1. Out of the range 234-288, which residues are in a loop (DSSP other than H, G, I, E, B), among the basic types (Lys, Arg) and within 27 Å of Leu178 (Cβ to Cβ)?
2. If we keep just the residues of the range 334-347 that are under 17 Å from Glu300 (Cα atoms) and not in a strand (DSSP E or B), which is least open to solvent (accessible area, probe 1.4 Å)?
3. Hey, could you check the range 96-113 for residues that are open to solvent by less than 50 Å² (accessible area, probe 1.4 Å) and of a type outside the set (Ser, Thr, Tyr) and say which is nearest to Gln20 (Cα to Cα)?
4. Among the residues that make up the range 241-256, is at least one of them among the charged types (D, E, K, R), out of contact with any helix residue (DSSP H, G or I) (no Cβ under 6 Å at 6 or more places or on another chain) and more than 16 Å from Ile160 (Cα to Cα)?
5. Quick one: in the range 355-369, of everything that is touching a strand residue (DSSP E or B) at 6+ places or on another chain (Cβ under 8 Å) and open to solvent by 10 Å² or more (accessible area, probe 1.4 Å), which residue is farthest from Asp304 (Cα to Cα)?
6. So Leu155 fits all but one of (1) in contact with a strand residue (DSSP E or B) (Cβ under 9 Å, 6 or more places away or on another chain); (2) under 29 Å from His72 (Cβ atoms); (3) among the aliphatic types (A, V, I, L, M); what number is the exception?
7. What do you reckon, is Lys120 at positive phi and open to solvent by 70 Å² or more (accessible area, probe 1.4 Å)?
8. Which of the residues spanning the range 127-148 are exposed (fewer than 15 other Cβ atoms within 10 Å of the Cβ), assigned to a loop (DSSP other than H, G, I, E, B) and in contact (Cβ under 8 Å) with a residue 12 or more places away in the chain?
Amino acid sequence: MKKLISLLVLSLMAGAASSQSLKVTVSNESKFDKTDVPVVISLADFPLVKSAVVTLDGREIACQLDDLNGDHVYDELCFLTDIAHKSKQSFVVTMSETARQKIYPARTFAELLLRNPKVKIKNQHDVFLKELTVERDVNPYSIVHHHGVAFESELIAMRIYFDHRQTVDLYGKRRKGLEIKATQFYPDEQQLADGYGDDVLWCGTSFGLGALRGWDGHDQTMLEDVESRTQRVVTAGPLRTIVELVDAQWVPQPGMAPVDMTTRYTIYGGHRDCSVDIRFNKPVPDYLFATGLVNVEGSEEFSDHQGLRGCWGSAWAVSGADTLTHQKETVGLGILIPRKHIVSEQPANKVDYGYVVKTGDNTLHYDIIYTSDKEEFGYHNAKDWFNFLKQWRKESESPVKVSISEE
């Protein structure tokens, strides 16, 4: 009997340990109502979590568990919330070590595709990858479909060229929704007639929307001298998508010691802005880098000279475009760089609106954003776009506060 009682106690203890609840309080002390605010919780103290449920006033809301380093252990939980100004919300997060995670409706998406030579229709390639690494002197730009990883929220979609440029190229949507899985960045005639979006930017060797490059004291340098380069889909939704680039043993300019650089692009559902987070494998306080925006043909520029810069302009989005099948595309671009990273704001040239930047340690962060005049829901002139950028900065600098305690 004593043995049976002991087993029962152990069983109850195991059952109690299989789930745990947290109280998460979100406070918006700003003067702005906020929508789709990301709340991210580290799971470092909960390595056995297999699923989670988030409730607000007893109502379940969508959440996402993410394994960020590929070790099959969830590292973070995230959810989104709408919160009025000067208000507070209390969420309950219930985590389980046994249940399977519920899949909520997708609000973001990402894909990395190899071109399939047997597939002749541009939006029907079918060799999906999680990750691809190529060695020195291998250029995967023409091997991977849409030239690199593509990712999106309901408002915007981007791709990152898988080559020495690593340019961020843009897709403009007419209506809100996820499209890349259907169009693969190349909508066919029927999809265009049905209101799908399309490529809206010609990048060339420019920064596009906020690509990071080296700086040699006079000009930007590409990511050419690397031992290997990688693109990886870290997570593809449903609430946030993270894609990762790794440039191993990159020499930003001749004579510099090589450095490993990992770049993550993160986008959340309901957002047109995207976070860029860069980590080096060692402190690089003496290294200089460059980023910025493509100088869209004939574009109008805005800058607050404190790290917020934008442009508005119209240009052909494809090389050698003819006026019968294509039209000029109008876009508004923006970048927000923390003041601590800025070395100089460079004068505009024919190609870019640039910055020279640095990091005091081994990390660098900035945000990028854009709109397309195609959008039924967006911005359609420079004045409105630049006013939006100013508001974006104000809201970015007044984040919500999050506190966590055991329930």
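The values are calculated or read from the model by the stated rules, or taken from the named source; none is laboratory data. Computed from a prediction, not measured in an experiment: that's the story for all the values here. FYI the Cβ positions are ideal-geometry reconstructions off the backbone, even for glycines, and counts take in every protein chain you see. Protein only, heavy atoms only, side chains kept; ligands, DNA and RNA dropped before computing areas. Shrake-Rupley method; radii C 1.70, N 1.55, O 1.52, S 1.80 Å.
1. Of the residues in the range 234-288, the ones in a loop (DSSP other than H, G, I, E, B) are 237-239, 251-258, 269-272, 281-288.
Keeping just the survivors that are among the basic types (Lys, Arg) gives 272, 282.
Once the filter is applied, which keeps residues that are in a loop (DSSP other than H, G, I, E, B), among the basic types (Lys, Arg) and within 27 Å of Leu178 (Cβ to Cβ), the range 234-288 yields only Arg272.
2. Checking each candidate, the answer is Gln346.
3. Here the residue is Ala99.
4. We begin by selecting, within the range 241-256, every residue among the charged types (D, E, K, R); these are 244, 247.
Keeping just the survivors that are out of contact with any helix residue (DSSP H, G or I) (no Cβ under 6 Å at 6 or more places or on another chain) gives 244, 247.
Then keep just the ones that are more than 16 Å from Ile160 (Cα to Cα); that gives none.
No.
5. Looking at residues that are touching a strand residue (DSSP E or B) at 6+ places or on another chain (Cβ under 8 Å) and open to solvent by 10 Å² or more (accessible area, probe 1.4 Å), I get Asn362.
6. Here Leu155 clears every test but (2).
7. Details: at positive phi: no; open to solvent by 70 Å² or more (accessible area, probe 1.4 Å): yes.
No: the conditions fail for Lys120.
8. Lys130, Arg136, Asn139, Ile143
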